[in-house]
Structures are given as C-alpha cells and as structure tokens.
Amino acid sequence: MANRRHFLKLSLAAGLAAQPVFTFAKSDDLLVACPTAMSGTFSAIGKYSDLGIKLAVEQQGSVQGRTLKYRMIDTEAKPATAVRRVQEAIQQDGVRFFPGALLSAESLAMSKEIHKSGGLLITNAGADELTGVECNRSTFRWALPTYSIIQGSARPLIELLPQAKRWYTITPQYVFGEDLLRNAKALFQEKGIEHVGNSYHSLTEREFSGHLTNALASKADVLFLLNYGAQASDALRQAISFGLKEKMTIIVAAASGLEQFESLGTDICDGVYFGAVYWHTIDTAFNRTFVEQVRAKFGISPNYSLAAPYINMRMLIDAMDKAKSTEPREVIGALEGMVFEGLTGTEEVRREDHQVLRDFYLIKGKSKQNMRDKDDYADIIHSGRFFLAPEQTNCKMA
Amino acid sequence: MNLYLLQLVNGIGLGMIYFVLAVGLSIIFGLLRFVNFSHGAFFLLGAYGCYQLVQMGVDFWWTLLLGPLIVGVLAWLIEVFLFRKVYHFPHEIHILITVGLAMVAQEAVILYWGPVGANVSPPELLQGVVVWDSFIYPKYRLFVIGAGLALALVLGLLLEGTRLGAIVRAGSESTEMISLLGVNIQRVFAAVFALGAATAALAGVLAAPIRGVDPFMGVEVLGIAFVAVVVGGMGSFAGALAGGLLVGIVQSMMSSIWPPGASLMIYVAMALVLLLRPNGLLGRA
Amino acid sequence: MKGYRHSLFVALFLLLLPLGMKSGSLATELVIYAMAACACNLLLGYTGLMSFGQGIFFGVGSYAAGLLLLHLGSSLAFTLAGCMAAGACVAALVGWFSIRQRGIYFVMLTLAFAQMFYFMAYSMKEITGGDNGLLGIQRPDVTLLGHEVLDTSDPWAYYAVAACVFLVVFTLLQRLAESRFGHTLLAIRDNEARAAAVGYDVKAFKLLAFVVSGAVTGLAGGLHAMLAGIAPLSNIEYHVSEMILLITVVGGTGSFLASVIGAAVYVVTADWLASFWPRWLMLFGFLLIAVALYVRQGLWGVLQDVSARLQAWRTARAAPSSAPERHPGRQA
C-alpha cells in the first residue's frame, strides 16, 4: 500500500520530466536556429527576428537539396540560458547554424560553445571581442564593433559641424560603453575636439538629470550619448525636457532601430543625430527589394531586429551554395572572404577576423511635417565604411 | 555650487515620486499588516493607464485623476475577492500571492501593449524649462515636486483631520481595538488598500512623462519602494516622505560620483536600518 | 527511515531521467535547480526562514568555480569544494546579520543583501568580469590520482557527475533533517520562544542552517558555471533569488523530495512552454496565486492529497460497508 503511493509519486515525477522537446524537422531537412531574446526585457527583438528569418527561409525553400527549416531559441537575454539552449539544439536536433544573435553578453558565451561543437554563429552584437580578442573560426559578425560605430557616427558629424568643438559624453559603465568611450576619445584627439566632460552611469540607471545638468554646465556644443536602447531613449527624452536640444546638438552613437523612434516620437527625435546599423531607407537595390518584400508579407517596414537576422540567413545560404555543401567547416571556408550583395551594398566577409565590411549610417531625425509616410522618422545623412585593420583588432584566429 | 543645487533639486524631485509610491505601501503595511509585492504592479498600471488615456485623446491633467481612480477600483476588487482571504495567513503567503499577481500584471501589459516601451509627453503647459539666473530646470519636474507636496498635504490632513484617518492611525496600533469600537474593518481595509494602490498609480502617472512607460518599470521600482518604506518606517506617513526624499537625494548625488554606488548605498542603508532600528527613522515601535 | 526511501526514489529518478529527456544540458540544469531548491527548503521548510538571498550564494558559487578554474586550473573535486566553501562563508556573513531580525524584517534584510551583492559584483569588474561575467570556463574532467576517469565534455557525462553529486547531497540533507539538528530546526520553526526557553541557542542553529544552505547553493552555482562555461552576472541577480524561492514554495516545503519535484516541474515546463509562448510567466504567476491560496503544501501536497484519496477510495472499494466516508486529511 505504501509502495503504491510512492510509486505513484515517482512515476508522476518521471512522467513530468519525460517531456520530449519537439522537433519538426525530418532528418534530411536543414534546421537552423536563431538564438535571441524572446521573453524578458528585450522581447521586442525576438519578435522581429523571427519575421526576418521566416522571410529568408520561406523565400529560399531549400538549399543544396535540403529543405530549410528554422527555430527560434529563447535566450531570455541571459548568457547561461543561451548557452544551455544552444547546447540542447546542437545535441538534440543536430543544429549547426545559428544566425541572427543580437545581444553581446550572450553572443560572447554562445560563440565559445558553438566553436567547441564545430558549428557556425553569425551575430550582430557590438562587443569588440567577438571579432577581436575572443574571435574564433566559427563566429562571424554582420554588425559593427565600437571603433566603426564611433567613426561612422561622430566623424561625419564633426565634419558637418566644424564649429562644434566641445563635446560631452554620457557613457554606460560596462565593457561596451568603455570601448565606445575609448574610441571616441581617440577620435576627439585626432580631430582636435575638446572633450569637455564625461558622465558614467550604471546599466540600470533611469535618471539622467544629474548627467544632463553637468553637460549643460560644461557648455558643450555636442552631447554624445554612448548608451543604448532604453537608456539612450531615457537619456534623450530627459535631455529634451531639460531644453538641451536648443543649446547643443545631440547625437546617439547607436540607435536600436525603428521601434525606438516609434516609442519616442517625432517631437523628441526631430533634429537629433543617430548612428544606425540599418535603416529602411538605405538606397541600395537589395534593400529596396527587401523592404518591399517585408511590407508585402508583414505589413510593416523592416527594423534592425528584423533586417539583421535576415541578411545573416542570406549570407549563410549564399555560402552554402558557394561551397556546394551544408557541412559547417566547408560553409565557414566559403564565408571567409565572400563578397556578396547585402543590405548596405556590396559587402565582404573579412577573412582575418570574420567581420563583414559594410556601411554604417548617420541619420537625422525629422519633424512630423516632413515625414513622407508613417515610418519616415529620419533621413540618412552619411554612409561610410570604417574598420580597424585586422592587425589592430587583437584577433588571432587559430 | 550651482551643480550641487541642481543635483539636490533633482533628488527632491525623484524623492517626491518615491514618496508618492512608498506612502501607499507603508500605510498598507501599517494597517493591514500586509506585505505587498504587487505594489510595483499598481505603479505600472497607473503609468500605462496614463499612456493609454493620452493615446485615446484624453488630456494629461485628467489622467492624473483617472489613472489612480481606475487602478484604485481594480485594487479594491482585488482586495475584496482575493487578498481578503489571506490576511490571517503568514506573511510568506502574502509575499507569494502578490509576487504572483505582479507577474501576471507584467505579462498582461506585455500582451496588450507589447514589450517595447512608449513615450508620454508632458502637457503643453509644463513643457520647457524655467530659467532663473543660471539655474535651468524642466517645468514638469517642478510640477512633480509640487504635486508630491500637495499629496503630502492632502494625505496628512486626511490622516489627522478625518474620521477615516483616525481609524487608520488607531488601526495601525491595533485593529482588534477599533473593530471592538464598532468600526467595519472590512470596509476600512478595502478603502485603505484601494487608496494605497491609487497613490502608487499616481506615482506612475507622474513618472511617465519623465521616464516613459515600459513593462518592467514595476519590478524596477519595487526595490526602491521597499527601501524608502523600511528606512522611513513601515506604517509611518512621515516616514514615507522622509524615506522617499532620502533615497532620491542619495541616488541623485551619488549617480555622478559613483554610479553603482548609488544603488549599493541605498541597500546598505536599508540593511543598516533593519539591523539597528527596524522601525525606521520615523516609525513607531 | 523515510529518508532512505526518498533517497532511493531520487536515485531512481536520476537514473530514469536520461530516458525521458533528450538534452543532457537540460537534465543537468534540473539537477542544479533541485539542489538549490533543497538548500532553500532547509531554510524555509525546516527552519521557517524565507530567504530572498539564495541567489547570492548561487552567484558566489558560480564566481568561485569560474575563478578557480580560470586562474588555478583546479581539479573538479577541488573546484566543487571551493564553491561549497565560498557559499558557506558568504552565507555565514549574510546569515549572521540577517538572523538578528525575524519575520518580515528578516525577509527584507535578505532582500537588501541580495541587491547589495548584485551591485558589488557589478562594480568589482576585475574579479567578476562585471557585466560580461567570467567567460571561457573549462569544464574539468573527473580525475583520480592524476588519471582521467571520465571526460566531462559530453553533456550526459557531466550530467552523471552532477547527478552523483546531487544524490550524495540529497542523502546527506535527509540525514541532517532526521538528526537532532534537523528536529531542533523544526522546533525553532514551530515555536522559537519555546525552543529558546528549553535551552537551545536559536541563533547558532539558524546560522548553521544558513551555512549548510549556502554551501549547497554555492555548489549548485559552481556546477552551473561549469555547465554553461560562464559565470554571468545574472547568476547573482535578485531574479535568481526569487526563482529559487518560488520553485521551493511551488514544490512544497514538506520534504526535500518536494523540492526536487518543484525544480523538475519548473525547469521542464519553463523550457517546454517558453518555446511556444513567450508569456509563459503569466501562468507561473497564476500558479503561485493558486499555491498560496489553496495548495499551500505545494505540488508535494497535491501529490499527497491525490494518493491519499486514492488510498481511501481503494479502502472504500475493498470494504464498502464498513468504512465511513472519511475526508482524506492533509499531512502536516
């Protein structure tokens, strides 16, 4: 009698544990997985990345005789969860290709894990280490490291406003922010800009009033926001409320994308400069076609979280066709040095550090009256390619 | 010198929002002996209520009234149908149920409004800055300080001058006593809970034009609310004011000197108060 | 001798798990959370202390493993010992201060400490890697006298290691619970004043419970760092503290086996649900409310209820005329 009870509990426990994690792919299909934040603070990313991969997969259908299928992996914006789910995808479902990662901390962690298992990761995170000191043969990056971000945003602005000699920076105090600041200071020195002050803040900061009043007091000509995402939005919003827009030019080093403009609105973004990894009005044939396709299929204009995984997927497909194989080693070989038509024009995967050489944009926010359609928040003012030479990146690929 | 003055004013502005947020939590604990981990959720719902109303074309001034009202009614319903059952259970149960509620609220917000935040503009009248010599300050933040003071005044009068206030004050000492004196405890609890939630919602509405709305603002702000309540004194109205202002000023002053230190210091302060003077600076024994 | 039965069941469960799960990593994570939940239960269920600070010990264990492996290249056994020691030390510190208060003040103190340690970890970038955490942690193999016995790079091999460690820990915790120490803790939980009056040094017992809990949680954190190859900042976040506590509650505070069940259900459901509904946390929220209101003994209580009813039903079937209709009571 007692045995029954315990047996019941045990079998219930075992039964609960025996949830087969489903996989719909047949053995011949090629299953790729996009690891990104689907829940938690960054859930907006996941939603759009799903669409981007879906578009690429459905457009292509099959590659090298294998039907393309994809799965989204929810990293919950936590590196440990990302690693664990990537491990599962590798072991359980034999996934080898991981396009579309977007966050730095998890990309760094996944990069090591995927390299260990002989897979391929294409990431759009900004941490320098990914194609720098932590580079490896399995990892490729489509987006830009901090050097390029600073060069692509601040340099054209310096040239645009030759009278603006005094710059104030607001920097989040962590690796990515510090790297941005370091590069900014180097640029300032080169261009004879007076760096009149810097404010550090923590990653959980919401209150920028103190930093903004410092900026005001320093009588800067330009306020350079080196933070990202929600923090950049908060800092910008509060800067406007302090009337900084009338007193100085404001530039955000890296915009998160269209949804940032949507959540801030034209009143705030009008006249503010942003560095952008992607913008839907990029004037290349590839992008124009892409935007049309996205609008036709999903009824929205593509934002960065949608475009980046899409182009990652396309790169993967092109490489597979070039290598005539779906074996990771051979695809990696085909990717290295590959020149292809991408969203920003002709792009090239640099062999030495697996960084894709492509344009970065400086865009300027517009007022409501000047908007041509509901997504026309900004105009592209400048585009260019700025990359450190491979020797300077500390990347030593085994 | 001007810089420190500005930091101080910033701190006071921040502190006022913290006060409005914390006062409900404090009084709810003082009277109901109820630990409310869903207080942040009322803040969240207030902020989103404001956003939604503004989107629908309602004037911001009205949201200051409607936001807290809607959340207050919601809270009243939750109290009657849910929390009332668990008052006599140990505090751990309170924590569980309110944490669960907070989770549900957060996910519901994401379901309806999406995970990306949104912006709420201050009303026309309060946009722009005041300039006084070299002192430049956003009008809206001055308004928040004013609103906080006004609320403090109103609540203070309520507590000291009305029958309900007397009941709340007496009830904080002993609920048994006041029910023996013929007061309908159920109704008082429900009213106080609704009021507490409404003030949290008001804090949310006030905060929205400063920091925008996003689904995680409830969780972020809960820790601060607890610090303010603990430091000021659980159950004390004046304590919530003192606690809120203290936290706001410390955060503001420290954020330019040592950013992570700002958060570290307030939690150290919380631990110190709990260890040395658990009733808080202004709490009663 | 209930303890041996439970340990046997856990052993069986751990043996059967690979048959039901396809992912060694997920299975290992289940074991890790089960460990953390058991440690939390020692404080909550056995001592009556609701600690919001378990994440501190988990994160510290994680960092300890990372630092030992990255800087010293230590062996598996040494690393595990190091994590336990680190967890125990920090728990002694946090516990010593926290037990000075009781009830809600105690809870708040642990909360304050959790936040403090988070911001300290964030600031001490040189040691903890700050926001990036510690990366590139190499998982050590199982060695005996310098010879490699088991290559842990295979996920199931590592699972075997984690499972063995957990089984040992579980059995020891059971023994502890049934010892005089355990019974004293229960006495303290039920009536602290009486326990003190009888002559027990209540503070010392509570502190010891903290130390044990911290050691086990630190161990779990260390295993986690070796599982993921990283010791991230998120392991010491308040969220981890909250989750460990909630898992323990949902599982049930009646026994350590309950904690295992709670962890199993949480890890598997989270993984499974998350893949098709990103808003699954909402269900977890409802589950919490349900547990708080109706099933305060957690899932363990539900299971006990169900089996008790089954028993009563069977008894009634066997002798329908004799047994009066008895409502199956809930065990304490």
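Read-outs: derived from the displayed coordinates by stated rules, not from any lab. No experiment lies behind these values; they were computed from the predicted model shown. A quick note on method: Cβ atoms are made from the backbone with ideal geometry, for glycine too, and the neighbour counts reach across all protein chains shown.
Tell me which residues come under 5 Å, amide H to amide H, from A:T67 once H is placed; ignore anything under 5 positions away on its chain.
Under 5 Å from the amide H of A:T67 lie the amide H atoms of A:L30, each far enough along the sequence or on another chain.
Would you pull out the residues with amide H under 5 Å of A:Y200's amide H, same chain only if 5 or more places away, H placed 1.01 Å from N?
Residues meeting the amide H criterion: A:T171.
Other chains near B:87-96: what is the mean number of their Cβ atoms within 10 Å of each residue's Cβ?
Working: counts 0, 0, 3, 5, 5, 12, 5, 2, 10, 11.
Averaged over the peptide's residues, the number is 5.
Would you mind ranking C:S75, C:S23 so that the residue whose beta carbon has the fewest other beta carbons within 10 Å leads the list? Kindly include the intermediate steps, with their values, before the conclusion.
Details: C:S75 17, C:S23 24.
Least to most surrounded, the residues fall as C:S75, C:S23.
For peptide C:292-301, how many partner chain Cβ atoms fall within 10 Å of a residue's Cβ, on average?
3
What list of ³J(HN,Hα) values in whole Hz, one per residue of region C:185-196 in order, does the Karplus curve 6.51 cos²θ - 1.76 cosθ + 1.60 (θ = phi - 60°) give from phi, with Gly and Pro shown as x?
These are the phi-based 3J(HN,Hα) values: 4, 4, 4, 5, 4, 6, 7, 5, 4, 5, 4, 5 Hz.
So, with +1 on the Cβ of K and R and -1 on the Cβ of D and E, and no other charges, what is the size of the charge dipole of region B:2-215 about its Cα centre, to the nearest 20 debye?
Details: 9 positive and 10 negative charges, 49 e Å.
In total the dipole reaches around 240 debye.
Which one, B:Y112, B:L276, B:A150, is farthest towards the positive end of the dipole of chain B when Lys and Arg carry +1 and Asp and Glu -1 on their Cβ?
Sorting the options by dipole projection puts first B:L276.
Can you compute the helix-only [θ] at 222 nm over chain A? Use -39500 (n - 2.57) per DSSP H run of at least 4 residues, normalise by all residues, nearest 500 deg cm²/dmol.
Counting only the DSSP helices, I get -13500 deg cm²/dmol.
Can you give me the C-alpha center-to-center distance between region A:166-192 and region C:11-34, rounded to a whole angstrom?
Distance between centres, Cα-based: 48 Å.
At 0.36 nm per residue, and after removing the present C-alpha to C-alpha distance, how many nm does the segment from A:S367 to A:R351 gain when stretched out fully?
Contour length minus Cα-Cα distance gives 1.5 nm.
Measuring from label point to label point, each 7 Å out along Cα→Cβ, what is the A:L161 to A:V339 span in nm?
3.8 nm
Label points 7 Å out from Cα along the Cβ direction at C:W96 and B:F89: separation in nm?
3.6 nm
Tell me which residues come under 5 Å, amide H to amide H, from A:A378 once H is placed; ignore anything under 5 positions away on its chain.
For A:A378, whose amide H was placed from the backbone, the distant partners under 5 Å are A:K366.
Sorted from fewest to most neighbouring beta carbons within 10 Å, what does the list C:R309, A:R350, A:R141 look like? Let's see the in-between values first.
Numbers: C:R309 12, A:R350 20, A:R141 28.
The fewest-first ordering by Cβ neighbours comes to C:R309, A:R350, A:R141.
For chain A, can you list the cysteines whose C-beta has no other cysteine C-beta under 4.7 Å from it?
Unpaired cysteines in chain A: A:C34, A:C269.
From the helices alone, meaning DSSP H stretches of at least four residues, give me the mean residue ellipticity at 222 nm for chain B, per-run term -39500 (n - 2.57), in deg cm²/dmol to the nearest 500.
Numbers: 11 runs with 215 residues, N = 285.
Estimated from H runs of four or more residues: -26000 deg cm²/dmol.
What FRET efficiency comes out for B:E220 versus A:D376 if R0 is 30 angstrom and r is the Cβ-Cβ distance? Round to the nearest 0.05.
Computed FRET efficiency for B:E220 and A:D376 comes out at 0.35.
Using a Gaussian network model of chain C with C-alpha springs under 10 Å, which one of C:L67, C:L44, C:L293 is most mobile by mean-square fluctuation?
Maximum among the listed residues: C:L293.
Once phi is turned into θ = phi - 60°, what whole-Hz ³J(HN,Hα) does the Karplus curve with 6.51, -1.76 and 1.60 give for every residue of region C:92-108, x standing for Gly and Pro?
4, 5, 4, x, 4, 6, 5, 6, 5, 10, 10, x, 5, 5, 4, 4, 4
Between C:L145 and A:A217, what FRET efficiency follows from the Cβ-Cβ distance if R0 is 56 Å, with the result rounded to 0.05? Numbers along the way, then the final one.
Values: r = 67 Å, r/R0 = 1.19.
It comes out at approximately 0.25.
Roughly how many Å is it from the Cα centre of region B:242-285 to that of region A:248-319, as a whole number?
42 Å
In whole Hz, with x marking every Gly and Pro, tabulate ³J(HN,Hα) for region B:171-187 from phi via Karplus 6.51 cos²θ - 1.76 cosθ + 1.60, θ = phi - 60°.
x, 5, 7, 7, 6, 4, 4, 6, 6, 5, 7, x, 8, 6, 4, 3, 5
Among C:I127, C:I99, C:I261, determine the one that fluctuates most according to a GNM of chain C built with springs between C-alpha atoms less than 10 Å apart.
Looking only at C:I127, C:I99, C:I261, the largest GNM fluctuation is found for C:I127.
Hand me the trypsin sites (Lys or Arg not before Pro) from region A:216-283 located in a DSSP loop with no more than 14 other Cβ atoms within 10 Å, in residue order please.
Counting only loop positions with at most 14 other Cβ atoms within 10 Å, the trypsin sites (Lys or Arg not before Pro) in region A:216-283 are A:K219.
Let's see if you can work this out: charge +1 on each Lys and Arg Cβ, -1 on each Asp and Glu Cβ, no other charges. What is the dipole magnitude of the protein assembly as shown about its Cα centre, in debye to the nearest 20?
That gives a dipole near 2580 debye.
Please compute the modelled spin-label separation between A:Q392 and A:D267, points set 7 Å along Cα→Cβ, answer in nm with one decimal.
4.3 nm
If each residue of separation counts as 0.36 nm, what is the full-extension length gain between B:Q127 and B:M56 once their alpha-carbon separation is subtracted? Mind dumping the intermediate values first?
On the way: separation 71, 0.36 × 71 = 25.56 nm, distance 2.02 nm.
This chain segment gains 23.5 nm when fully extended.
Among B:V192, B:V219, what is the fewest-to-most ranking by other Cβ atoms within 10 Å?
By the 10 Å Cβ count, ascending: B:V219, B:V192.
Can you show me the helix-derived [θ] at 222 nm for chain C, built from DSSP H runs with n ≥ 4 at -39,500 (n - 2.57) apiece and divided by the number of residues, rounded to the nearest 500.
So the calculated ellipticity at 222 nm is -23500 deg cm²/dmol.
Select from region C:219-289 those chymotrypsin sites (Phe, Trp or Tyr not before Pro) which occupy a DSSP coil region and have at most 15 other Cβ atoms within 10 Å, ordered by residue number.
Numbers: sites: C:Y238, C:F256, C:Y266, C:W272, C:F276, C:W280, C:F284, C:F286; in loops: C:F276, C:W280.
Passing sites in region C:219-289 are C:F276.
Find how many whole Å separate the alpha carbon centroid of region B:1-47 from the alpha carbon centroid of region B:68-84.
20 Å
Among C:T248, C:T217, C:T47, which one shows the biggest mean-square fluctuation in a GNM of chain C, springs joining Cα atoms closer than 10 Å?
Taking springs between Cα atoms under 10 Å, the residue moving most is C:T47.
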